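S.K.: Take a look at the following structure, please.
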Amino acid sequence: MKFADFHPGQVIEAGPYVVSEAELIGFAQAYDPQWFHTDAVAAADSAFGGLIASGWHTCSIAMRLVVDAALRGSESFASPGLEHVRWPHPVRPGDALRLVADVIEARRSEKRPTLGILRWRWRLFNQRELMVLDVEVTSLFRLEASH
């Protein structure tokens, strides 16, 4: 999508993305090697009752779905950050994650008119409709000068 295609109130959906146990463990071993992400036997005796994905893995899945659904081929070039990140429920092996992205604001910068600013809320839900990610993101877009 191009920046001009985004508007407040718009809802973009994508997925599902199915998380395999091998992917969950592989991501955790590389980036968040805590036992409840990497050791199925130990995780079975935890408060979670089994392996759970790293929250950062969950964010990465959301990013992939957003790129596939909206950002590929756009003028997007960076993000200055996130407003909040919450993981209300854990992601487990076999979960099928669905993205719902709500556009909050899409505007040109007043100081830099070749800069588009998009604020949107990304939420991921599993196959039971439990929210596993809630994050507000700002994305920046390089635009042509307005005439």
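Any read-out appearing in this document is the output of simple, stated calculations on the displayed coordinates, not a laboratory observation. The shown structure was predicted, so the numbers you read here are calculated from the model rather than taken from an experiment. A quick note on method: Cβ atoms are made from the backbone with ideal geometry, for glycine too, and the neighbour counts reach across all protein chains shown.
S.K.: Based only on other Cβ atoms within 10 Å, what is the fewest-to-most ordering of E21, E144? Provide the component values of the computation, followed by the final result.
M.R.: Values: E21 14, E144 9.
If I rank by nearby Cβ atoms, fewest first, I get E144, E21.
S.K.: Pick out, in residue order, every one of the trypsin sites (Lys or Arg not before Pro) in the range 1-92 that is DSSP loop and has at most 10 other C-beta atoms within 10 Å; say none if there are none. Could the numbers behind the result be given before it?
M.R.: Details: sites: K2, R64, R72, R86; in loops: K2, R72.
Those satisfying the criteria are R72.
S.K.: Among DSSP beta bridges lying fully in the range 3-142, give the percent that are antiparallel, nearest 5.
M.R.: 100
S.K.: Between D32, D45, D134, which gets the highest mean-square fluctuation from a Gaussian network model of the chain, Cα cutoff 10 Å?
M.R.: D45
S.K.: Neighbour counts of other C-beta atoms within 10 Å: give me Y17, Y31 arranged from fewest to most.
M.R.: Values: Y17 17, Y31 12.
Result, fewest neighbours first: Y31, Y17.
S.K.: Whose amide H sits under 5 Å from the amide H of Q10, counting only residues 5 or more places off or on another chain, with H placed in the peptide plane?
M.R.: Residues meeting the amide H criterion: V103.
S.K.: Can you put L115, L97 in order, fewest other beta carbons within 10 Å first? Provide the component values of the computation, followed by the final result.
M.R.: Working: L115 18, L97 23.
Going from sparsest to densest Cβ surroundings: L115, L97.
S.K.: Also, I was wondering about something else. How high is the FRET efficiency between A22 and H84 when r is their beta carbon distance and R₀ equals 22 Å, given to the nearest 0.05?
M.R.: In this case the efficiency is close to 0.15.
S.K.: I've got another one for you. For the range 18-27, in order, what is each residue's ³J(HN,Hα) by Karplus, 6.51 cos²θ - 1.76 cosθ + 1.60 with θ = phi - 60°, in whole Hz (x at glycine and Pro)?
M.R.: 8, 8, 7, 4, 4, 5, 4, 5, x, 4
S.K.: Now a separate question. May I ask you to compute the full-extension gain from W35 to R142, defined as 0.36 nm times their residue separation minus their alpha-carbon distance, rounded to one decimal in nm?
M.R.: Values: separation 107, 0.36 × 107 = 38.52 nm, distance 4.16 nm.
Between W35 and R142, full extension yields 34.4 nm more.
S.K.: Now a separate question. Under the rule of at least 5 residues apart or a separate chain, name every residue whose amide H is placed under 5 Å from the amide H of L97.
M.R.: Those lying under 5 Å, H to H, from L97 are Y17, V18, V19.
S.K.: If you don't mind, there's one more thing I want to ask. Quote the relative contact order of the range 1-98 in percent (integer), defining contacts as alpha-carbon pairs under 8 Å separated by 6+ residues.
M.R.: Here the relative contact order equals 45 percent.
S.K.: Between helix 55-66 and the chain, what is the angle of the helix's C-alpha long axis to the longest principal axis, kept within 0 to 90° and rounded to the nearest 10?
M.R.: The answer is roughly 40 degrees.
S.K.: For the chain, report the % of Cα-Cα distances exceeding 28 Å.
M.R.: Result for the distance tail: 27 percent.
S.K.: Ok, one more. Mean residue ellipticity at 222 nm from the helices of the chain, using -39,500 (n - 2.57) per DSSP H segment of n ≥ 4 over the full residue count, to the nearest 500 deg cm²/dmol? Intermediate values should be presented prior to the final figure.
M.R.: On the way: 4 runs with 32 residues, N = 147.
Computed ellipticity for the chain at 222 nm equals -6000 deg cm²/dmol.
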